[in-house]
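Student: Below you'll find the structure I mean.
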Amino acid sequence: MFNKLSFKIGLLFFVFILIIETFLFFILYANLANNRIEEVMNSLLARGNTHRDVLEDHFDQPTLEHVGIMESASEFIVIITDEYGDIIISSDPVEEDMMDVVNHINNDEIPTEGKIVDDQWNEGKYIATDSPITINGEHKGHVFMFAKTSYVIRAVDQLSNQFLIASLVTVVLTIVTIFILSRFIAHPLIKMKEATEQLSKGNHNVELHTERKDELGELANSITKLSQDLKRLKTARNEFLASVSHELRTPLTYIKGYADIINRPDTSEEEVKEYVDIIREETEQLTVLIKNLFQLAKIDQNNFLIKRERVELCEFLQNIIERIRPVLAEKKILLHVDCPNELIVFIDPERFQQVLVNILDNAKKHSDGGSKISIEVKQTNQHITITTIDEGEGIHEQDLPYIFDRLYRVEKSRSRQSGGAGLGLSITKEIIESHDGSIEVQSEPGKGTSVIIKLVRGDLNE
């Protein structure tokens, strides 16, 4: 029995898989644990920066108390000090370890955007971040956020337990494999072993061709599919952050643009007020957009909430166009709108604005300077169609079926600044379909692109 090839291959297979899996599990665990710790710390810093941003706009007692009350109900602790380091408010009793962090801050080295000031989660009692408060260029104080290191340790321990269970299950399944080996499967097993070696080295172009219809044939096909999935997931992992930034870039561009205009010496007070209002609105839209990104998972569970209301479409379009027209003007792109008056739709204004801004932003990115973008609105017996037409570079026919897929980019060789990252149109399609509508893209390389949105007429629902 011990000299049988099947046993030797089985034993070798077991040892090899065990080593590889242990190695991969160790690396994966280390990466996930570090990512989880970094996620907690970045979340703590982001939370402090959010409070800092609110306080920079409203540095008053009610707002300070609101921040303290909000954090008192969370797992985190907030301490807000003035510019001299004196505590103004805290959400929890202040301990000595916290005071060490507060007193350690050197006003000559104030971080401009906030920073993690204590990340020794495996040594100290707390991890801490510092978000300085600056109003009109003047330092006003600090927002210190604290999280107990037990919170981080608990997250790491939970991850350890999951990996322990997964490791035990993997070992058991590997041992069982030895008992089902036989002589006639020795050759395909060797092939599979070689394939897994290639996968462990990062070669994801592995294919196992087999005519077998049994479990080994299925296993060979599964390894091939795994190779393809790993290749796709590796690409998706590298593009995910860029995909999110694609959705965030548009409102941030407007905020920066109007902020630059406000800083011009020739800007009147009336214009400043108008642009500040626009910046505030764009900031609110940015908050909603971030929330929408996290709600993508809820879309698949049919938990995506749409708050519809009666909207006069042409007026709604005009408001959006007024916001985006200055950005188009910088590229000398003419925007033409043809919209009959008194067209009523029942839509969620915030989400539908996200749709139209994303479509117009894509049209701008892929259009040359001096070209034209047209928006045509038409009404039929049952529907209202909104067609956005640009004179840009167009999309190849083979890409059209996939442009609404998440994380799909048409031109992967182009820069991130000129090409979408794959989430915008996916979110757009989900929002349109949640309005019981449809979206279609027609395009031809060199002749531009048309995006056609079809909605049910609002007056039919009244």
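The values are calculated or read from the model by the stated rules, or taken from the named source; none is laboratory data. From a predicted model like this one, the values you see are computed outputs, not experimental measurements. All Cβ positions, glycine included, derive from the backbone under ideal geometry; neighbour counts span all protein chains shown.
Student: For residue 423, are the conditions met, namely being of a type in the set (A, V, I, L, M, F, W, C), more than 19 Å from residue 448 (Cβ to Cβ), at pLDDT below 90 and crowded, with 18+ Cβ neighbours inside 10 Å? Don't jump to the end; show me each part of the working.
Tutor: Numbers: of a type in the set (A, V, I, L, M, F, W, C): yes; more than 19 Å from residue 448 (Cβ to Cβ): yes; at pLDDT below 90: yes; crowded, with 18+ Cβ neighbours inside 10 Å: yes.
The answer is yes for residue 423.
Student: Okay, moving on. Residue check: is residue 173 modelled with pLDDT of 75 or more and surrounded by 12 or more Cβ atoms within 10 Å (Cβ to Cβ)? Steps first, please.
Tutor: Details: modelled with pLDDT of 75 or more: yes; surrounded by 12 or more Cβ atoms within 10 Å (Cβ to Cβ): no.
Answer is no for this residue.
Student: Mind telling me which of the residues 195, 186, 147 ends up being over 30 Å from residue 94 (Cα atoms), surrounded by 13 or more Cβ atoms within 10 Å (Cβ to Cβ), of a type in the set (A, V, I, L, M, F, W, C) and modelled with pLDDT of 80 or more? Working first, answer last.
Tutor: Working: 186 fails: modelled with pLDDT of 80 or more; 147 fails: over 30 Å from residue 94 (Cα atoms).
Answer to the check: 195.
Student: For the range 204-217, which positions are of a type outside the set (Lys, Arg) and either touching a His at 6+ places or on another chain (Cβ under 9 Å) or without any contact (Cβ under 8 Å) to a residue 12 or more places away in the chain (or both)?
Tutor: First pass over the range 204-217, keeping only residues of a type outside the set (Lys, Arg): 204-211, 214-217.
Passing the criteria: 209, 211, 214, 215, 217.
Student: While we're here: Six or more apart or on different chains, Cβ under 7 Å: which pairs go from a residue in the range 338-361 that's among the basic types (Lys, Arg) to one that's outside any loop (DSSP other than H, G, I, E, B)? Could you list them?
Tutor: The qualifying pairs are 351/431.
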